[in-house]
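Just so it is clear, none of the values below were taken in a lab; they were calculated from the coordinates. Keep in mind that this is a model prediction, so the values were computed, not measured. All Cβ positions, even for glycine, are placed from backbone atoms using ideal geometry, and neighbour counts span all protein chains on display.
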Amino acid sequence: MTDPESHQTPDPSWSQADYHHPAAGWGAARSVGTFLAKEGAVVSGPRAMARMNHSDGGFDCPGCAWPDDLKGLALDLCENGVKHVAWEMTARRADRHFFAAHAVDELRGWRDADLEAAGRLTEPMSYDAATDRYVPITWAAAFAMIGQELRGLDSPDQAAFYTSGRLSNEATFLYQLMAREYGTNNLPDCSNMCHEASGLALQAALGTGKGTADLDDWETADALFIFGVNAASNAPRMLTALTHAYERGAQIVHVNPLVEAAARRAIIPHEVVDMALNKATRTSSLNLQVRPGGDLALLRGIAKSVFEAHATHPAAVDQAFLARHTHGSDRYRALVEATTWADLTTQSGLSESEIRKAGQIYLASDRTLMSWCLGLTQHEHGVDTVREIVNVLLLRGNLGREGTGPSPVRGHSNVQGNRTCGIDHRPSREFLDRLAAACDIRPPLEHGLDTVATVQAMHRGAVKVFVGMGGNFVRAAPDTAYTAAGMHRCELTVHVSTKLNRSHLDHGRKALILPCLGRTERDPQRSGLQSVSVEDSMSMVHLSRGHRKPPSPHLLSEPAIIAAMARATLPDSTTPWEWYVEDYDRIRDVMARALVGFEDFNTRVRRPRGFRIEQPARELVFHTPTRRAEFSCAPLPDVVPESDDVLVLQTMRSHDQWNTTIYSDNDRYRGIKNLRTLILMNTEDMTSRGIPQGTLVDIVATSKDGSVRELRGYRALAYDLPRGSAAGYMPEMNALVGISDYSTQSNQPLMKNLKVRVTPARAKDE
Ligand SMILES: Nc1nc2c(c(=O)[nH]1)N[C@H]1C(S)=C(S)[C@@H](COP(=O)(O)OP(=O)(O)OC[C@H]3O[C@@H](n4cnc5c(=O)[nH]c(N)nc54)[C@H](O)[C@@H]3O)O[C@H]1N2
Ligand SMILES: Nc1nc2c(c(=O)[nH]1)N[C@H]1C(S)=C(S)[C@@H](COP(=O)(O)OP(=O)(O)OC[C@H]3O[C@@H](n4cnc5c(=O)[nH]c(N)nc54)[C@H](O)[C@@H]3O)O[C@H]1N2
Ligand SMILES: [Mo]
């Protein structure tokens, strides 16, 4: 047998070490400096940052959806937000000379990071099959091509309109209006892979798809339960809330198979004194390394401790709250009492005493807030688990009061706003009726395709035109090869983008890349400089205005591109597309009529920090069939792998990436340098498989439908995670997610729950 190392370019520079420093702090500050230098943004960078997240006149951070600090500093920014802005401001350009120099087939061989490193796109490009190159096309010709293709389809349902969560509210509204006036609800979005489970669960339980807590609640809770999020990397501004909570004596429980950096200690970069003294604050009272998918069992165990305590302490359960505001608590109590501690410990992977400790913290707290992200949602039982969070909160009346409530951490900066403003493949009848009345259109009533269904439909030939409004569908969606093949089967693929990515290269017979303005850039229209609005994770809507000079004079804004696509597709439309684009206030005026909670939009959004969309569940008004908060009684799922040689693999982000955008191959808080093709494993799982630390392995995933996918030559690193589980990075590991690997509850791909077998790497030619 040949040396297994021989089929991988040897990379002696990778390393793994424990990270001993606090999260954020100096590590983050240094990293920002290096990054700005790399993007050639040393001078303009700091100036742009000073305008980010300003309460008036600045732009909203295009990074994550964590809200701005309302009371504290106007400038509340984080390392990753800075990287994100610098990424958009890069001095490099992927212009016509770049595309002339590189055939698409050649570019397919490039790494993702190198594709984006080519720089900002500068003009519309169209695929030319004869030369296998993207060549310049005028905007007018590009729109004409889109219009002709869309008008030529047998049915509007042969087109799918994808949204990545960065699109502004105004562009979002026009986009869904275009799709629905054209005649389809095929509006897949990144939320289908992200928080679909949260939306469905909260809707069923509370009659709202969103969390009820806001930043003030984070600042006043006396117990915070944080499930399945790597906050130091993916929602760094949560660290501020966590350090404040710890300082005021609140209890913080982190539930995660990995002990992530936010579950240790942190220094907040803008707290200058702490930075100077290197004074770190602890950010955790209890870390529970749950088995993947074992959160529901833990939550049920917490409920069990509550009911047990109730036998002797009447105040353990808020009976008055249950009687007045909820439905189904008796059934839930019976279910919990019938579940044995043995089942709860096996399924959660935690000991009874660990679960009871969490129960004690919950019982001792008057105000409890529970937050979660992908560690809960990208599982088979994601919906049930989020509902169990609500069950547990309801037991002690932790809803509708200060310092309490469910609080999902959303992903993209405006993913929540996208849903609010109509990106939904399953729109409610009420939404469609209001839209029809406000816009004088007849929207289709049948539900449309989500992300997984869109990929399947492309393969069947049922979707022939794919429009991507931002994002990187081919890399973000499950089963990379299958998704790419689906795109190749399309008649036309259109991507509205800022940078080159793989979705442009795995294209349809005809293909367009349409370059747009970024959020940091000036958007002048007929009536003057325009602003757009976004909604954060906690339902605050505020304006964002770009100030920078665009990277090319040929870029259009997203609303302008959508309006022109709409006009080309619907030449006789009475919707005043061009008039809307002249002044985005006009879009906001129609949104005020079409969308619940947007009354008087133009005035309210101009208040210094915008406005909060009303949240009936917070006022204990529930739009559920019973008009009460609904308990759920899901069976305890069996999440123990069926045999010892199977590991449950989760795919997650490194510290230095934004979804499919890879900034570097380092993962600072996990102590990893220069390596992404890795799999983190428990030491005992490595030993039992004969895998020494740092050696290469092959990973074989078995999909729900029995099909098998493989990644070869990944490096196994020992890591502190529960036996039977493993972790690696997205998007590379999407190659292992089968198209049938989605939750039957939410249709969300099981990106945190792949069944894999890991063996020492075979020789290359085996
Ligand atoms: N810098 C940066 N910020 C981002 C992003 C980015 O790529 N880079 N992406 C944005 C987007 S779109 C999103 S949706 C969010 C994603 O934010 P996260 O949800 O933090 O994303 P992941 O990196 O996938 O990390 C998943 C976390 O869940 C844990 N986990 C996995 N399985 C389980 C489980 O069964 N139970 C529990 N309790 N935990 C589990 C993992 O160990 C990991 O800590 O971040 C947003 N913010
Ligand atoms: N295996 C695995 N896969 C996952 C996940 C996982 O945890 N594991 N997470 C899933 C989740 S939560 C999400 S949200 C998706 C993310 O999926 P997407 O949202 O589709 O992917 P992004 O990587 O955020 O998209 C990056 C691209 O967006 C474009 N872009 C950047 N800024 C702008 C802009 O201002 N306007 C426009 N029009 N385009 C812009 C750039 O061209 C860039 O290349 O991935 C999902 N995929
Ligand atoms: Mo996301």
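If you average over every viewing direction, what projected area does the convex hull of the Cα atoms of the range 138-247 give, in nm²?
10.5 nm²
Which entries in the list 38/279; 83/499; 210/755; 304/357 go over 21 Å, if you measure between the two C-alpha atoms of each?
38/279; 210/755
Under 16 Å Cα-Cα from residue 673, which aspartates and glutamates qualify once same-chain neighbours fewer than 8 residues away are excluded?
11, 18, 656, 665
Of all beta bridges DSSP finds with both residues in the range 659-766, what is the antiparallel percent, to the nearest 5?
80 percent
Once amide H atoms are placed 1.01 Å from N in the peptide plane, what residues at a sequence separation of 5 or more from residue 128, or on another chain, have their amide H within under 5 Å of its amide H?
Long-range HN contacts for residue 128: 133, 134, 135.
Under a point spin-label approximation (7 Å from Cα along Cα-to-Cβ), what is the residue 15-residue 144 distance to one decimal in nm?
My value for the distance between the label points is 5.9 nm.
Taking the Kirkwood radius as the inverse of the mean 1/r across Cα pairs, report the Rg/Rh of the chain.
0.95
If you look at just the Cα atoms of the range 201-408, how large are its Rg and its Dmax in Å?
Taking only Cα atoms of the range 201-408, I get Rg and Dmax of 16.6, 55 Å.
Of the DSSP beta bridges with both residues in the range 201-408, give the percent that are antiparallel, rounding to the nearest 5.
Roughly 10 percent of the DSSP beta bridges within the range 201-408 come out antiparallel.
Whole angstrom only: what separates the Cα centroid of the range 214-244 from the Cα centroid of the range 440-515?
Using only Cα atoms, the two centres lie 35 Å from each other.
Does the range 527-672 classify as rounded, prolate or oblate by the C-alpha gyration tensor (a ≥ b ≥ c root eigenvalues; a/c under 1.5 gives rounded; else a/b over b/c gives prolate, otherwise oblate)?
In terms of gyration-tensor shape, oblate.
Could you pull out every one of the aspartates and glutamates with an alpha carbon less than 18 Å from that of residue 464, ignoring same-chain neighbours closer than 8 positions?
Partners within reach: 149, 154, 157, 189, 450, 491, 506.
Can you pull the semi-axes for the range 679-766, root of five times each eigenvalue of the Cα gyration tensor, sorted largest first, whole Å?
23, 15, 10
Could you compute the net charge surrounding residue 297? Neighbours are other residues with a C-beta less than 12 Å from the C-beta of residue 297; K and R count +1, D and E count -1.
-4
Within the chain, what percent of beta bridges assigned by DSSP are antiparallel, to the nearest 5?
Around 45 percent of the beta bridges assigned by DSSP in the chain are antiparallel ones.
Want the number for residue 91 to residue 554: 0.36 nm per residue separation, take away the alpha-carbon distance, what's left?
That pair, residue 91 and residue 554, stretches by 165.1 nm at full extension.
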